[in-house]
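*Asks:* There's a structure below that I have some questions on.
What follows draws every value from the coordinates through simple rules; no lab data is involved. The shown structure was predicted, so the numbers you read here are calculated from the model rather than taken from an experiment. As a convention, Cβ positions derive from the backbone with ideal geometry for all residues, glycine included, and neighbour counts pool all protein chains shown.
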Amino acid sequence: MENHEQDIKINTLEINQNTMAENIKTLKDDVKLGFEKTDKSFDEIKILIKEVASGKANKWVESVIVWVGATIGLGVLGFLGKLIYQAINAFKII
């Protein structure tokens with residue numbers, strides 16, 4: 001009977017060892033994947049830093065600035081046109 005109990009304990013230990021080995025392998029894979037994602041994130045950050053350092057704006061920022069500039073420019077031209085029209089009417093040049 002004692003030999004049977006010893007076999008059960010050995011079998012249990014073997015199963016535990018196999019389970020721990022699988023868990024360690026999974027943990028190593030997860031850690032490796034985490035480091036790969038971190039490295040990829042650092043590479044993306046480096047690229048963003050280079051873009052910022054180059055002084056170039058993103059396309060959507062560029063578009064917004066062009067539209068705002070165009071709106072302000074047209075507003076100024078319209079205002080100047082209105083002033084010229086009022087000056088012509090005031091002096092009755094035409």
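*Asks:* Charges only on Cβ, +1 for Lys and Arg, -1 for Asp and Glu: so what's the dipole of the chain about the Cα centre, in debye to the nearest 20?
*Replies:* Dipole of the chain, to the nearest 20 debye: 1440 debye.
*Asks:* Also: Which of the following values of Cα extents along the principal axes in Å was calculated from the structure shown: (i) 36, 25, 19; (ii) 69, 53, 16; (iii) 125, 27, 10?
*Replies:* (iii)
*Asks:* Another question about this same structure. Check the straight Cα-Cα distances from LYS32 and name the aspartates and glutamates below 20 Å, setting aside those fewer than 8 residues away within the same chain.
*Replies:* GLU22, ASP43, GLU44
*Asks:* Another question, if that's okay. Residue farthest toward the positive end of the dipole of the chain, with Cβ of Lys/Arg at +1 and Asp/Glu at -1: which of LEU33, LEU48, GLY75?
*Replies:* GLY75
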